Amino acid sequence: MFQQTHHTPFGWVTVHSNGEAVTCLDFALDGSDDDSRADDVSRETWRQINAYCAGERRDFDLPLVPDASPALTRWLTTMRKINYGKTITYKDFARLADAPQAPRAAGSACARNPIPLIIPCHRVTRHDGSLGNFGALRALSPKDPRNLDLKQALIDHEARFSA
């Protein structure tokens, strides 16, 4: 397994790769730059993350192999269709996934997303416009204000650059 960690405007991020595709992306409260176990996939991922952070990239073009069941993989594939700079509700996400009666399953899929940011679960919010939950900082509760601040920062970042 390969990995590379760097700081972004959104905090510390570690990209994990199997040498052929991104398998996981972890946000952390602290860390240190480390590219000692980098490979071509993680280096390209970081090139694209840096372009995203600079407002120069809206979509990621990377090979992804998340550790996910077939059902979760279907949700994750649909999640990638949510447009940059836009948010949709859990209910709308369920409709987009051809599961209109499953907004809770949509929320569960967001919570289990192993590659946040690249697979944009941050773009899914509650029907009343509130953020809902966000679990990118896996060491914290998805309701923790630091996770919600991160979700809001990602939404604000995309809104700023999509105008």
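The values are calculated or read from the model by the stated rules, or taken from the named source; none is laboratory data. Since we're looking at a predicted model, the values are computed, not measured. Quick reminder, even Gly has a Cβ in these numbers, built from the backbone with ideal geometry, and neighbours come from all protein chains shown.
Some values worked out for this structure:
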{"item": "The lone exception for LEU150 - which of (1) on the phi < 0 side of the Ramachandran plot; (2) in a loop (DSSP other than H, G, I, E, B) it fails", "result": "(2)"}
{"item": "Unique residue being without any contact (Cβ under 8 Å) to a residue 40 or more places away in the chain and buried (at least 18 other Cβ atoms within 10 Å of the Cβ) when the list is VAL22, VAL41", "result": "VAL41"}
{"item": "Among residues of segment 113-132, those that are at negative phi and either modelled with pLDDT under 95 or loosely packed, with under 14 Cβ neighbours inside 10 Å (or both), counted", "result": "3"}
{"item": "Within segment 53-76, considering residues that are in contact with a strand residue (DSSP E or B) (Cβ under 9 Å, 6 or more places away or on another chain) and assigned to a helix (DSSP H, G or I), the one surrounded by the most Cβ atoms within 10 Å (Cβ to Cβ)", "result": "LEU76"}
{"item": "Qualifying residue in segment 34-45 (condition: of a type in the set (A, V, I, L, M, F, W, C) and either within 13 Å of the chain's Cα centre (by Cα) or within 30 Å of ARG126 (Cα to Cα) (or both))", "result": "no"}
{"item": "One residue from THR87, THR73 being closer than 22 Å to PRO142 by Cα, touching a helix residue (DSSP H, G or I) at 6+ places or on another chain (Cβ under 7 Å) and of a type outside the set (A, V, I, L, M, F, W, C)", "result": "THR87"}
{"item": "Qualifying positions in segment 2-32 - aromatic (Phe, Trp, Tyr) and either touching a helix residue (DSSP H, G or I) at 6+ places or on another chain (Cβ under 9 Å) or closer than 11 Å to PRO116 by Cα (or both)", "result": "PHE2, PHE10, PHE27"}
{"item": "Index of the failed condition, GLN101 passing every other in (1) out of contact with any Phe, Trp or Tyr (no Cβ under 7 Å at 6 or more places or on another chain); (2) farther than 22 Å from LYS151 by Cα; (3) not assigned by TED's automatic domain parsing to the domain that holds GLY132", "result": "(3)"}
{"item": "Members of segment 7-19 found to be in contact (Cβ under 8 Å) with a residue 60 or more places away in the chain and not in a strand (DSSP E or B), listed by number", "result": "PRO9, PHE10"}
{"item": "Pairs, first farther than 14 Å from ALA94 by Cβ in segment 109-127, second part of a helix (DSSP H, G or I), C-beta under 6 Å, six or more apart", "result": "ARG112/LEU72; ASN113/CYS121; ILE119/LEU76; ILE119/MET79; HIS122/LYS151; HIS122/LEU154"}
{"item": "Residue pairs meeting the criteria (Cβ under 7 Å; at least 6 apart or on separate chains; first at positive phi, in segment 46-64; second at pLDDT 95 or above and exposed (fewer than 13 other Cβ atoms within 10 Å of the Cβ))", "result": "none"}
{"item": "Filtered residues of segment 28-52 (kept if in contact with a Gly (Cβ under 7 Å, 6 or more places away or on another chain) and assigned to a helix (DSSP H, G or I))", "result": "VAL41"}
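Let's see how each residue does on (1) under 25 Å from PHE161 (Cα atoms); (2) of a type in the set (Gly, Ala, Ser):
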position: HIS7; (1), (2): yes, no
position: GLY31; (1), (2): no, yes
position: ARG37; (1), (2): no, no
position: ASP61; (1), (2): yes, no
position: PRO66; (1), (2): no, no
position: TRP75; (1), (2): no, no
position: ILE82; (1), (2): yes, no
